[in-house]
Amino acid sequence: MKSPNPLSVSQPHPSAGEPRSSRQYTPKVNTKGLYSRAVRESFVKLDPRIMVKNPVMFVVWVGTIITAVTTIAPNLFGAVPGQNQRLYNGLITLILFFTVVFANFAEAVAEGRGKAQADALRATRSDTIARKLLPNGAEQEVPSTTLRKGDQVKVIAGDVIPADGEVIAGVASVDESAITGESAPVLKEPGSDVASSVTGGTRILSDELTIRITADPGQGFIDRMIALVEGAERSKTPNEIALTVLLAGLTLIFLVVVAMIPPIANYRGNPVSIATLISLLVALIPTTIGGLLSAIGIAGMDRVAQFNVIATSGRAVEACGDVNTLILDKTGTITLGNRLAEEFIPVNGYSLIEVARVALASSVFDQTPEGKSIVRLAKQLGATVDFDETQAEGIEFTAKTRMSGTTLPDRAEVRKGAVDAIKGFVRSRGGKLTPELDTAYERVSRLGGTPLAVCQDGVIYGVIYLKDMVKPGIRERFDQLRRMGIRTIMLTGDNRITAGVIAQEAGVDDFIAEATPEDKISVIQAEQAENKIVAMTGDGTNDAPALAQANVGVAMNSGTQAAKEAANMVDLDSDPTKLIDIVTIGKQLLITRGALTTFSIANDISKYFAIIPAMFTAAGLASLNIMGLATPQSAILSALIFNALIIPALIPLALKGVKFRPLSADQLLQRNVYIYGVGGIIAPFIGIKIIDLIISAVGLA
Amino acid sequence: MMQLNSLTKEQLTELALVLRSQRHRPLPLLLFLALCFNLVLAPAVLAATGGTVSRLNAYAIGVLGLLTFAMVIYLLVVMLQPQRF
C-alpha cells in the first residue's frame, strides 16, 4: 500500500544553477547612482593611508606628486632641454592623476555593487517583535535584536522568523524567498537532519513552530551574507597575496632600472627629465593589473553570493577552483532525504495488519519524519495503538544500536532498525531468524530504499520499506562535474545494495557503503594524502567532522546547525551540485587575474618602443621609433594616455570575469596566452599610434 | 650645553611628551630627520655633479634620491610582509 505524496522537502529549486538576479522573488539590487557614488569614492580613496595598500598604484601616486612639483618648477632637478616643459609636465601630471583615479574607480564600482547587493539583502530583514518563551512557559513580546543563542521563541502563521534557529516543536511551511529567491514553501519540522533549521528573515506561512535561537544578532546567515558582499571583513586571499608580491617585485625591478638611467644618460650627453623618467617607470610597472586586482576579487565574492552561497572566506572560493574530488553524503544531499514509509513486508507468516500494529507500536514515540510516516502508513492500514502510552517507554535511536522502539507496559520490547541490528537483538532474545527476512531486505535494497526490520522481543514480524528519491536533475550535473575533471564519491551509512542502486541512478563515480562518521574522515584524509583538494557536501550533524576536515566544506542550508558551522560555505538552495558553480567562480577568479597580469606585462613591449626612442633620440636610438610617432613628447604622452585608458576599458572584464570554458588546463592556457599575451603585445601598438595621431592633430605636443 | 641647562623643568617635560607621542605617529619625525639628513647629502650631490647644478637643484636631487630609496624599502616590505597590506 502506498503512502500519499508528501510535501516536497529540500528539493533542488527549479532555477538551481541560475544566479539570484534571475529569480522571481529575489529582492532586486538597486544600481541607481552607483557610478556617481563610485566617482566620488575614487577621489576619497586618494588618501595616502588607503593608497599605500596598493604598491603599484602608490608608486604612480608618488610619481604624480613629483611631476606636479616639476610642473610648478620645471628646472628644480636641473636644467632640462626642450620647450614647453611646464605644459608637458602638466599634461603628464594630469594623465598620471587620472591613472590613479581610474584604478580607484574600478575598486569603487566593485565595492558599490557589493554594497547595493548588501542593501537589497538588508531590506529583507526587519526588526520584528518575537514571542519569547520564558522558562515558566509564559510568552513575552521582545524585539528580535534582544534574542540570544539558546532563547526559545514561538512563531505563528504570518510571522517573520526573528533569527536563525532550530525547530524543536511543531510543523509548519515556511516561505524562504528572502534568502533563496524562490517562493515555493518548505516544510520545517523538528528532529530531522533535513528540515529542522530555519533562517532569520523568512516568513512562516501556516501552523506554528517553537524555535531555539542558534545565532546572536548580527551573526545570522543573512548578516554573514551581507558582510561577505559588502567586503567589510574582506582580507586578501593567498592567491591575491602571491600576486601582490609578484607585482611589488616587478615594480621594484623597474624602479631600480629607471633610477639607474640618469647617470648613464648624463654620461652619454643625453640628459633625461625627471618627468620623462617617471613616465617611463609608470608605463613599465604593471598598472593595469595593479589597478584591477582588488576589483576582480570583490566581484568574485559578489558572484558567489549571486549563486546563493554564503562563503566565510575568499580562500575557500579560491580553493574550489582546484578541487579534484567531491565527497557527498547520500541522504538529504543526493536524495531528497525525507525517507517515507512506502510499504510493510510481512515475514514469518504474519499478516499485514499484524506487521502494521507492531510497526505502529515501535514508532509511537518517534518524532522523526520517518517515524511519523510509519505511524501514518500503519494507521492507514487499520492498525491502532492497543496499549497505554503513558505506561510505555520510548527508546531513542542511537548510531551505536541503530535501533529505536518502545518498551510496552507489559515489558515486551518492540524495536525497529537496521536489519543486522535487529537480527542481533532477536538472537540475543533467543529468537530464530528466517531467510524471508534476507529476501525482503534484498528486495527493498534493490529498489534503492532503506529496509528497516521490525520485531517484538525475539520474533521478527517484517520489513518496513523506506523510500528515498534521488533529487531530480542530479545526473546531468554530475556529468558536468566529471567533464570538469572532478571525481565524485558518495558516502553513506546504508547497506551496499541500496548504496549501489542510488549511486547508479545518480551517476556518481564511486561509492562507499556502511560508512561511519569516522570512515568519512578517513576517506577525505586518504585523498588529501595523495595531494588532492577535497570538497565535501553534507547536511547532518554526523557530517560535521568530515566537513571540517575537507579543504572545501559545503553545507546544505536545510541541514543542521552543526554542519553549517563546520563547513566553510553554506548553500542556501541545498543543491549538492552547487559546487559546479562555485568551482567555476573559483577558476574564473584565478584565470581572470592571470589573464590581466599577462596582458599588463605584455603591454610593456610596445611602451618600450614608444618611450625609449623618444628618450634617447640624441643617443641615436631614434631608429627604434617603429610606430612612427610624431615627436618624442607626443610619443611619451600617447604611451601614458594608453596606460591610463586601458584600466577603465578593462573594468567590465574584471567585474564579469574571463568566461570559463570547460577545457583542459593546457587548452585553457594556450587560448589565454594567445588572447591576452599576443593580444597584449599587439593592441598597444595600435592604441598608442591612434592616440599619437590625435595628439598631433590637436597640437598638444 | 649651557643652553640645555637653562631649559626649565616644564620645557623638558613638554619635549619628553612630544617625543613620546612620536612613537605612535613616527612619520612626521622621520620626514624631519630625512630632510635634515638631506643637508648632509646635498653637498655630496653638488660635488658629484661637478658644480653644474645649483644648490637648490642639489637639495632637490637629494630629496628625490631619499624618496626613491624609501620607495625601494617600501616595496621590499610589501614583498616580505604582504599580509600587512
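The values are calculated or read from the model by the stated rules, or taken from the named source; none is laboratory data. These numbers were taken from a predicted model, which means no experiment stands behind them. Every residue, glycine among them, receives a Cβ derived from its backbone with ideal geometry; neighbour counts consider all protein chains shown.
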- prompt: Can you find even one residue in the stretch A:273-287 that is part of a helix (DSSP H, G or I), within 32 Å of the chain's Cα centre (by Cα) and either at pLDDT below 85 or not small (Gly, Ala, Ser) (or both)?
  reply: yes
- line: Of A:Ile213, A:Ile226, A:Ile204, A:Ile161, the only residue that is within 22 Å of the chain's Cα centre (by Cα) and crowded, with 23+ Cβ neighbours inside 10 Å is A:Ile226
- request: Filter the stretch A:368-394 for residues that are crowded, with 16+ Cβ neighbours inside 10 Å, modelled with pLDDT of 90 or more and among the β-branched types (Val, Ile, Thr) and give the result.
  value: A:Ile374, A:Val375
message: If I filter the stretch B:50-72 down to residues being buried (at least 19 other Cβ atoms within 10 Å of the Cβ) and within 7 Å of chain A (Cβ to nearest Cβ), which single residue comes out as modelled with the lowest pLDDT?
response: B:Val53
task: From the list B:Leu75, B:Leu31, B:Leu46, B:Leu35, pick out the single residue that is more than 8 Å from chain A (Cβ to nearest Cβ), assigned to a helix (DSSP H, G or I), surrounded by 14 or more Cβ atoms within 10 Å (Cβ to Cβ) and not small (Gly, Ala, Ser).
output: B:Leu46
- prompt: If you go through the stretch B:49-72 one residue at a time, how many are more than 25 Å from A:Val256 (Cβ to Cβ), of a type in the set (Gly, Ala, Ser) and assigned to a helix (DSSP H, G or I)?
  reply: 0
- request: Quick one: count up the residues across the stretch A:611-660 that are touching a Lys or Arg at 6+ places or on another chain (Cβ under 9 Å) and of a type in the set (Ser, Thr, Tyr).
  value: 1
task: Please work out if B:Val45 is of a type in the set (A, V, I, L, M), modelled with pLDDT of 80 or more and within 30 Å of A:Val56 (Cβ to Cβ).
output: yes
- prompt: A:Phe307 passes all but one of (1) over 10 Å from the mean Cα position of the chain (by Cα); (2) over 30 Å from A:Arg86 (Cβ atoms); which number fails?
  reply: (1)
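Looking at A:Gly394, A:Gly371, A:Gly337, A:Gly405, which one is more than 30 Å from A:Ser294 (Cα to Cα) and part of a loop (DSSP other than H, G, I, E, B)?
Answer to the check: A:Gly337.
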- prompt: Of A:Val153, A:Val186, which residue is touching a residue at least 12 places away in the same chain (Cβ under 8 Å), buried (at least 21 other Cβ atoms within 10 Å of the Cβ) and in contact with a Pro (Cβ under 7 Å, 6 or more places away or on another chain)?
  reply: A:Val153
Segments classed as helices (runs of 4 or more DSSP H), wholly inside the stretch A:33-112, with at least 1 members that are within 14 Å of chain B (Cβ to nearest Cβ) and either aliphatic (A, V, I, L, M) or free of Cβ contacts under 8 Å to residues at least 60 places away in the same chain (or both): A:48-51, A:55-72
Options A:Gln561, A:Gln549; residue that is over 21 Å from A:Met469 (Cβ atoms), modelled with pLDDT under 90 and surrounded by fewer than 24 Cβ atoms within 10 Å (Cβ to Cβ): A:Gln561
query: Only one of A:Ile422, A:Ile502 is buried (at least 21 other Cβ atoms within 10 Å of the Cβ), part of a helix (DSSP H, G or I), on the phi < 0 side of the Ramachandran plot and touching an Asp or Glu at 6+ places or on another chain (Cβ under 9 Å); which?
result: A:Ile502
Boolean, A:Ala178 is in a loop (DSSP other than H, G, I, E, B), under 27 Å from the mean Cα position of the chain (by Cα), more than 14 Å from every other protein chain (Cβ to nearest Cβ) and touching a residue at least 40 places away in the same chain (Cβ under 8 Å): no
task: Select, from A:Ile626, A:Ile636, the only residue that is at negative phi, in a helix (DSSP H, G or I) and more than 39 Å from the chain's Cα centre (by Cα).
output: A:Ile636
Selection from the stretch A:201-257 of residues that are more than 10 Å from chain B (Cβ to nearest Cβ), in a helix (DSSP H, G or I) and among the polar types (S, T, N, Q): A:Asn239
